[in-house]
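Shown next, in structure tokens, is the structure this report addresses.
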Amino acid sequence: MVRQKGCALPLMLFFLTCAEGCSPNMSQQPRYKPLAPSAFFEDGSSARPPVPGTVAHMPLIDPRILTGRADGETIQRIPLPVTRELLERGRARFDIFCSPCHGRTGDGQGMVVKRGFRQPPSYHTQRLRQVPDGHFFAVMTDGFGEMAGYADRVPPHDRWAITAYIRALQYSRAATLDDVPPAQRRQMFGSER
């Protein structure tokens, strides 16, 4: 094995040059913050308008589904079709996120209340039976009183599913046997009763 003299200096210069090129300064390049003013473009804005014919990255969603509001007002009814699947999803999400405080039946007697935390209102009070559906969505989104907002943990579709399930809980509390469709009554009792 023969060593060449003077080979270490060029090699050291090569590594120093590479290290300088990968310095932290690469992460500190000039850039614009979104919607910041810019003298570079004629319109004075750093944000560029979309190219004509651009297709949205995400499908367009009804703003009522995302906000629970229409024309600045809380919407009265759930903006989704209330199906069995939506109610089942709502029950599953309610059991995970809501029942620890509100109880499995929505009476406000959840497990945390039994451990000494403040009791939330029952969904079966006359006041909460009369609020618009958007009220429950807004409370889940932004929080209310002791309750924190759940917008970062529960997606909008699931918040509407929970709202539908809350309404089903409220309806079931006041329902009578006459409210059960005849086919289901036969299935439950063997006759219509």
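Structure data summary
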read-out: Pair list, Cβ under 6 Å, 6 or more apart: the stretch 104-130 residue within 16 Å of residue 162 (Cβ to Cβ) and without any contact (Cβ under 8 Å) to a residue 24 or more places away in the chain, other residue surrounded by 13 or more Cβ atoms within 10 Å (Cβ to Cβ) and hydrophobic (A, V, I, L, M, F, W, C); value: 110/101
read-out: Pair list, Cβ < 6 Å and 6+ apart or interchain, from the stretch 47-75 residues that are loosely packed, with under 10 Cβ neighbours inside 10 Å and of a type in the set (Lys, Arg) to residues that are assigned to a strand (DSSP E or B) and modelled with pLDDT under 85; value: none
read-out: Qualifying residue in the stretch 167-178 (condition: within 20 Å of the chain's Cα centre (by Cα) and modelled with pLDDT of 95 or more); value: yes
read-out: Sole exception among (1) modelled with pLDDT under 95; (2) assigned to a helix (DSSP H, G or I) for residue 192, by number; value: (2)
read-out: Within the stretch 134-153, tally of residues that are in contact with a helix residue (DSSP H, G or I) (Cβ under 6 Å, 6 or more places away or on another chain), surrounded by fewer than 20 Cβ atoms within 10 Å (Cβ to Cβ) and not hydroxyl-bearing (Ser, Thr, Tyr); value: 2
read-out: Boolean, residue 165 is of a type in the set (Ser, Thr, Tyr), assigned to a helix (DSSP H, G or I) and in contact with a Phe, Trp or Tyr (Cβ under 9 Å, 6 or more places away or on another chain); value: yes
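For (1) over 20 Å from residue 143 (Cα atoms); (2) among the small types (Gly, Ala, Ser); (3) touching a His at 6+ places or on another chain (Cβ under 8 Å); (4) part of a helix (DSSP H, G or I), each residue gets a yes or a no:
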site: 42; (1), (2), (3), (4): yes, no, no, no
site: 54; (1), (2), (3), (4): yes, no, no, no
site: 59; (1), (2), (3), (4): yes, no, no, no
site: 80; (1), (2), (3), (4): yes, no, yes, no
site: 91; (1), (2), (3), (4): no, no, no, yes
site: 100; (1), (2), (3), (4): no, no, no, yes
site: 108; (1), (2), (3), (4): no, yes, yes, no
site: 117; (1), (2), (3), (4): no, no, no, no
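The values are calculated or read from the model by the stated rules, or taken from the named source; none is laboratory data. Computed from a predicted model, the values in this text were never measured in an experiment. Using ideal geometry, Cβ is built from the backbone for each residue, glycine included, and neighbour counts are taken over all protein chains shown.
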